[in-house]
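A quick write-up on the structure given underneath.
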Amino acid sequence: MKDKNSRKHPEAWADRFKQLRADNSSEIARDEFILDLAKSLQEKEKAPLLWAKIENNLREEKQSKAVTFFRPHLLLRVAAVFILVIGTGVLWQKFSAPQISNSRILSKNTLQKVISTEKSYEAAIAELEKLASPKIEKMELELMFLYRDKLAIIDEQIEQCREELSENPGNAHIRRYMLAALQDKKETLQEIVQNAI
Amino acid sequence: MKKITYMLLAAIFLLTALPMHATEAAGSHKIILSGEKRFEKSAQTEPGKSLRIESKNTNITIIGSSQNKIEARAQVEISDADDELVKEFFENTQLLLEEGADGFVLKVDTPRDKLRGSDKGLSRLLRLIFDGTTHISISINLHVTVPEKYSISVSNKYGDLSIENVAGTFAITNDAGATNISKAGGQLALRGSYGEIVVTDFAGDIKLHNRNGVIYANNIGGNADVVTSYKRVRLNNINGNLLLDASNGHVKASQIAGDCEVSSSYKEVEISDVKGELVLRAPNGKIFVENVGKNATIENSYKPIRIENVQGALEIRASNSEIYAKKIAKNASVRSSYKSVQIFDVNGDLLVDGSNCPVELADISGSVEIISSYKPLIINNVGGFLDIRGSNNQITASEIAGGGTIRSSYKSIDLTNIGGPLEIDGSNCAVRVDGAAGDVLIRSSYKFIELLRTEGSITVHGNNSRVEITSIRALPATANIEIITTYKSLLLELPSNANALIHARTTYGKIKTPHKLSILDGDGKEVEIKLGNGSAPITLKSNNDIVIN
């Protein structure tokens, strides 16, 4: 009905349209947005170059995304790098292999690992001593004296090292001799247990 | 703005990483902020004087130089988280080189005890937190040059010691540290414990005492006196006498120009090329000896002994040891038990006392005496007399030039080519003798007695033994044959040209012979046969048959 009137009277139609537009401005704006969007989605090119265009678009899209990645404040970035560097250093120190190579004073981490090794030796020795004691008692006299003397010498070495380490805990040389003595004792006890002689 | 940011980041990185890098470069892993300082001292001196070093936790290197001065450089390293303490430590540390009446004294003087008391407050707390200790770790490197002719005295602990290119008198104690002395000379007295001792190219006498530590010595110009326990000893090219006491150490010694006396136990001992005399005591240890210039004496038990090429006499006193000896230039005496004894090529007499030992001997130029029981005895090619005092031994002997006396029981006795008189006392032994140049006397029982190719008198007393004597090679005019047995038959085959007067008697058997005989009793149990001129008397008695061919 409205359409019929507007065809018949163009001026009236224009006025009428202005009036409606004023009354429904928000709805019109929405319609215009939808129309614009529809236009942008329309196929502008023909099929042969479609995939090349798509790939180009995707590439551009990626680049634009990279450029527009979230960028925190400069101080935050500095702090992150600082934490990264410190963390890497700490991890490197923590997980680097324990060595008593030529260093004269052991690092804290290496020292802890060496002490841990010493403790594991001591635990093994304690277990072996339980097994070895009855075997020593059953040995022929000469061999028994020999083993007792050997173990006494090793114990003396361990005790001397321990005493020295109480004042010089990070000294690699003393630690090396301590480990050697513990290893010697472990091997001697194993020899007794296994009746190697 | 970006540039400023990058510079800031780089600065932070460097500040953070550099301390780690610095400690890395100096050693492998050190406590962050550890301290290290170098000290130097020097003094003019002249060859022939002495230097004494008293130290602890110190790696010492002493090198002889052509200059007439002592130069000492010390590198002291300590661990601490506290800068002030490190500073204070080094301010109070000094390298002392002082000249006294007897020579120079070198010492690194550190303030450890003093600082320990002043280590209070925050630094102590920090160390307790981070290190778990309030003590300072310390290590020292000391490098010293002295004139090439100089005497050195060192007392050190928990550090390695190296001396090179110095000749003089050395009095060294280095506990819990390796000691290496090379290209040196003079007199060396070195005591250590737990650490390895290495002495090479030393022109002079050495005395090494290492408590539970390895010892290596090579190219020693004089005598070597070595004591250790429980660890390996390797000695080579000692241009003097060697005296080695390794209570429970594996020993290897070679090229000893003088005499060699070694004792160890329960571990293997290898000795070779000793020009002088060897005395070796190693109970319960395997023994290998090769090339001894003079006499060799070995004591052992339970473990094998192998010895070759001794230019003097050999004596082995062992118990329960397997023995192999070869090429002994003079007499040899071997005692063992239960294990095999093998001895070859002895240029002299040989005594083997081996209760329960299987014995194998060959090529012995002199006489052989064997005391044994129960186990087989195999003897070949003996130049002298063979005397076996056995019991229950199976005996096989051949080529015995001087004859033999053999006592055994129950097991067979098999002899071939016996060059001299032979006496066998074998209770219950089967006896076979093939080739006997001298007189033969055999006593046995119950088992077969067989003699072939004899050349002298024959006496066989066999109780219940079958006896066969055949293929007699020669029957001398003065020979006397007496064969007596019981219950078993008796066979005697004489050479065709024999001159003998045979008297044969059997109790229950028959006398069979192709020869003409004279019957002495009524029923032919006792006969007489005369062959040739009848010069050799032959008596044959048995309860059983007697066959005379």
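Tabulated data for the structure shown
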{"quantity": "Residue match in the range B:57-67 (condition: modelled with pLDDT of 80 or more, in a loop (DSSP other than H, G, I, E, B) and in contact with a Phe, Trp or Tyr (Cβ under 7 Å, 6 or more places away or on another chain))", "calculated": "yes"}
{"quantity": "Of residues in the range B:145-181 being under 17 Å from B:LYS56 (Cβ atoms) and among the acidic types (Asp, Glu), the one farthest from the chain's Cα centre (by Cα)", "calculated": "B:ASP160"}
{"quantity": "Filtered residue count, the range B:158-172, keeping only those that are away from chain A (no Cβ under 14 Å), part of a strand (DSSP E or B) and either buried (at least 24 other Cβ atoms within 10 Å of the Cβ) or free of Cβ contacts under 8 Å to residues at least 40 places away in the same chain (or both)", "calculated": "5"}
{"quantity": "Number of positions in the range A:166-197 that are closer than 21 Å to B:LYS56 by Cβ and either in contact (Cβ under 8 Å) with a residue 60 or more places away in the chain or more than 9 Å from every other protein chain (Cβ to nearest Cβ) (or both)", "calculated": "8"}
{"quantity": "Single residue of the range B:362-403 satisfying the filter (on the phi > 0 side of the Ramachandran plot and of a type outside the set (Ser, Thr, Tyr)) that is surrounded by the most Cβ atoms within 10 Å (Cβ to Cβ)", "calculated": "B:GLY403"}
{"quantity": "Filter result (surrounded by 19 or more Cβ atoms within 10 Å (Cβ to Cβ) and either away from every other protein chain (no Cβ under 14 Å) or within 17 Å of B:GLN255 (Cβ to Cβ) (or both)) within the range B:292-306", "calculated": "B:VAL292, B:GLY293, B:ASN295, B:ALA296, B:ILE298, B:ILE305"}
{"quantity": "Output for the range B:185-215, where each listed residue is within 14 Å of chain A (Cβ to nearest Cβ) and not in a loop (DSSP other than H, G, I, E, B)", "calculated": "B:GLY192, B:SER193, B:HIS209, B:ASN210, B:ARG211"}
{"quantity": "Subset of the range B:225-274 (residues that are crowded, with 24+ Cβ neighbours inside 10 Å and β-branched (Val, Ile, Thr))", "calculated": "B:VAL226, B:THR228, B:VAL233, B:ILE238, B:VAL251, B:ILE256, B:VAL262, B:VAL269, B:ILE271, B:VAL274"}
{"quantity": "Those residues of the range B:371-408 which are of a type in the set (S, T, N, Q) and not in a strand (DSSP E or B), in sequence order", "calculated": "B:SER373, B:SER391, B:ASN392, B:ASN393, B:GLN394"}
{"quantity": "The range B:87-129 - residue that is in contact with a Lys or Arg (Cβ under 6 Å, 6 or more places away or on another chain) and outside any loop (DSSP other than H, G, I, E, B) and, of those, modelled with the lowest pLDDT", "calculated": "B:PHE90"}
{"quantity": "Boolean, B:ILE472 is of a type in the set (Val, Ile, Thr), touching a residue at least 40 places away in the same chain (Cβ under 8 Å) and closer than 25 Å to B:ILE424 by Cβ", "calculated": "no"}
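For every residue, the table says whether it meets (1) in contact with a strand residue (DSSP E or B) (Cβ under 9 Å, 6 or more places away or on another chain); (2) hydrophobic (A, V, I, L, M, F, W, C); (3) outside any strand (DSSP E or B).
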{"site": "B:ILE424", "(1), (2), (3)": "yes, yes, no"}
{"site": "B:ARG432", "(1), (2), (3)": "yes, no, no"}
{"site": "B:THR459", "(1), (2), (3)": "yes, no, no"}
{"site": "B:GLY462", "(1), (2), (3)": "yes, no, no"}
{"site": "B:PRO476", "(1), (2), (3)": "yes, no, yes"}
{"site": "B:HIS503", "(1), (2), (3)": "yes, no, no"}
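The values are calculated or read from the model by the stated rules, or taken from the named source; none is laboratory data. Just so we're clear, the structure is a prediction, and the values are computed from it rather than from any experiment. Every residue, glycine among them, receives a Cβ derived from its backbone with ideal geometry; neighbour counts consider all protein chains shown.
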